[in-house]
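A short write-up of the structure that comes next.
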Amino acid sequence: MPLSEELDSVPATTGRGTFESTDPATGAVVGVFPVHDADAVRETVERARVAAERWAALGFAERRLRLAAYRGYLARRMHELADLVHRENGKPHADAILEITLAVDHLAWAGAHARKTLGPRRVNPGLLAANHAASVEYQPLGVVGVIGPWNYPVFTPMGSIAYALAAGNAVVFKPSEYTPAVGAWLAAAWRAAVPDVADAFQLVTGSGETGAALCRAGVGKLAFTGSAATGREVMATCAETLTPVLMECGGKDAMIVDDDADVVAAADAAVWGGMSNAGQTCIGIERVYATSAVYDRFVAEVTRRVADLRPGSDDAATYGPMTMASQSDVVRRHLDDARAAGGRVATGGTVEGGYIAPTVLLDVPESSAAVQEETFGPTLTIARVADAEEGLRRANAISLGLGGSVFSGSTARAVDLARRMRSGMTSINSVLTFASVPALPFGGVGDSGFGRVHGADGLREFTRAKAITRQRVALPVNLMSFGRPPAAADALARVMGVVHGRHR
Ligand code: NDP
């Protein structure tokens with residue numbers, strides 16, 4: 001789809017001029033986009049509100065058909081979209097294909113499971129309302145605002161968009177100012193694939209101010225994905241209008257490598273988890289805690305594998321440039337801080353323009369920024385620990401808690417460690433796998449945020465529970481009436497004594 005067509009799909013009322021998105025590898029302009037001001041954002045949300053009623057009224061089966069048409073459209077044009085992701089975000093084409101594949105899979109799951117998860121369900125009315133039927137259903141919120149980051153510009157926002165749409169909401173999406181063309185492509189694809197309810201998914205573009213305007217535009221919920229620092233600002237803005245929020249914030253995920261782990265597999269996973277997408281992955285592995293029994297072998301294996309990686313923008317490059325130039329400064333600061341604190345660079349450590357060499361750091365004190373804060377670059381710190389328990393203690397000792405990984409030869413031990421890891425998701429003997437299982441909820445704890453996308457929890461996240469009771473037969477005595485006989489309360493107390501009184 002040519003960019004001119006994508007631009008046709010964004011609202012005409014633009015407010016404050018335009019901005020460019022550029023290719024991080026070449027600096028070439030990828031697209032020019034309107035800066036939507038508060039009025040333009042409000043108008044878009046109002047159009048979405050009208051569409052939301054029509055979209056909700058379609059019901060689960062009709063929405064499922066349209067979501068299928070959308071994913072079909074995406075699946076038929078994967079290479080075209082992947083090219084755009086490569087140009088605007090910098091990641092290799094093959095990684096963009098993987099990202100789009102995940103998004104398509106989530107769209108399929110959300111569409112297929114919405115009715116079962118959210119549709120009316122009878123529940124036991126219990127003793128006190130035995131003469132009533134009781135049911136619960138999960139109703140859409142109306143319009144959901146989605147604010148997304150640039151690192152996975154298809155997969156990450158789709159974690160909210162697909163589930164919000166499947167639950168019967170309309171969506172207004174504000175992509176990162178670094179990846180608006182990808183956002184515009186996704187919105188234009190919706191209009192093409194679902195023309196009869198085109199306004200159910202719309203786009204607004206701009207910087208943080210446009211995002212703040214979306215928070216204030218009267219949406220039913222604001223789904224934010226980005227850094228914890230921006231998340232705090234978004235929450236504060238949403239608090240002005242008591243708009244509920246979903247916070248998918250950053251991570252500093254740890255891998256624990258136990259005594260009996262498959263060291264080669266763990267090293268392979270750590271390198272992929274830490275370096276793919278130039279380390280710009282919220283659930284990327286940034287810290288490894290390897291037990292003394294495996295530490296030397298693990299470091300050697302990681303270092304050997306890292307030697308094969310090469311950042312670049314050509315077809316053979318293993319990962320691309322930093323999408324956002326300022327992220328290189330954060331990585332440089334963490335490297336400097338680690339070195340100053342006594343950390344050793346086993347390999348890498350250089351930052352040349354937007355390209356950062358794959359970097360392995362050893363002996364970095366836990367208090368260093370490279371261990372405490374999200375680095376978001378192709379770096380790994382590897383620490384030697386006495387045993388997996390020490391690894392877990394250290395893994396859990398920071399404020400972020402998004403995902404994580406455990407490598408162990410014992411299933412029982414690995415599951416026990418995974419359960420006790422302070423994070424929303426943990427993969428055993430692999431990395432990042434939980435993100436590719438649509439039935440699993442995705443989200444963090446602590447500074448990594450709250451609320452869940454994906455899975456049944458992700459569908460419910462974009463709804464409100466509605467409880468309904470219906471009297472089936474009238475009882476001779478109605479306890480909730482001023483007309484009840486005086487002896488009714490005594491009779492009730494006797495029944496309660498029989499049913500519950502034996503418990504001590
Ligand atoms: P930012 O926090 O910088 O920005 C996220 C989004 O918020 C962008 O669209 C940004 O717009 C917008 N924004 C900025 N300021 C405001 C504001 N005051 N009010 C409303 N919106 C605002 O994150 P990045 O884009 O740099 O993305 C990287 C971060 O995202 C990392 O921390 C990463 O871990 C996290 N992330 C979390 C995921 C998760 O699921 N938990 C998944 C993927 C990434 P603009 O770009 O135009 O400034």
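No lab work stands behind these numbers, since they all come straight from the coordinates. Since this is a predicted model, take the numbers as computed values, not measurements. Reconstructed Cβ throughout: ideal geometry from the backbone, glycine too, with neighbour counts over all protein chains shown.
Using the Kirkwood formula over every pair of different C-alpha atoms, what hydrodynamic radius in Å results for the range 432-504?
When all Cα pairs of the range 432-504 are included, the Kirkwood radius is 17.5 Å.
If you average the sequence gap of Cα pairs under 8 Å that are 6 or more apart and divide by the length of the chain, what percent do you get for the contact order?
Contact order relative to length: 17 percent.
Give the peptides 127-136, 350-359, 40-49 in descending order of average Cβ contacts within 10 Å, highest first.
Per-residue Cβ counts within 10 Å, averaged per peptide and sorted highest first, yield 40-49, 350-359, 127-136.
Convex hull over the alpha-carbon atoms of the chain: what's its volume per residue in Å³?
For the chain, the hull spanned by Cα atoms encloses 175 Å³ per residue.
Given contacts defined as C-alpha pairs under 8 Å and at least six residues apart, what's the relative contact order of the range 253-437, whole-number percent?
29
Counting other C-beta atoms within 10 Å, which of F376, F407, F155 has the fewest, and how do the rest follow?
Ordered by Cβ neighbours within 10 Å, fewest first: F155, F376, F407.
For q values of 0.19, 0.30, 0.32, 0.34 Å⁻¹, compute log₁₀ I(q)/I(0) with the Debye formula on a Cα-only model of the range 119-160, without solvent.
Values returned for q = 0.19, 0.30, 0.32, 0.34 Å⁻¹ are -0.69, -0.98, -1.03, -1.09.
Can you pull the one-decimal nm distance between simple spin-label points at A397 and A325, each 7 Å off the Cα toward Cβ?
A separation of 3.8 nm, rounded to one decimal place.
Taking the Cβ of V477 as the centre, find all other residues whose Cβ is under 15 Å away and add up their charges (Lys, Arg: +1; Asp, Glu: -1).
Counting the neighbours of V477, the net charge comes to +1.
Any idea what the alpha-carbon Rg over 2.2 N^0.38 Å comes to for the range 148-238?
Expressed relative to 2.2 N^0.38 Å, the Cα Rg reads 1.02.
Simple spin-label model, 7 Å along Cα-to-Cβ: L242 to T469 in nm?
2.5
Arrange the following residues from fewest to most other Cβ atoms within 10 Å of their Cβ: F60, F442.
F60, F442
In which sequence would H36, H79 go, from the one with the fewest C-beta neighbours within 10 Å to the one with the most?
H79, H36
Measure up K116/K174; K91/K221; K116/K221 against 24 Å on the Cα-Cα distance and list the ones that go over.
K116/K174; K91/K221
Taking all pairs of distinct Cα atoms, average 1/r, flip it, and tell me the Kirkwood hydrodynamic radius of the range 253-437 in Å to one decimal place.
16.0
How high is the FRET efficiency from A28 to S227, r the C-beta distance, R0 25 Å, rounded to 0.05?
Approximately 0.40, to the nearest 0.05.
What does the C-alpha gyration tensor say about the overall shape of the range 253-298? Classify as rounded when a/c is under 1.5, otherwise prolate if a/b is larger than b/c, or oblate.
Since a/c reaches 1.5 and a/b is larger than b/c, the shape of the range 253-298 is classed as prolate.
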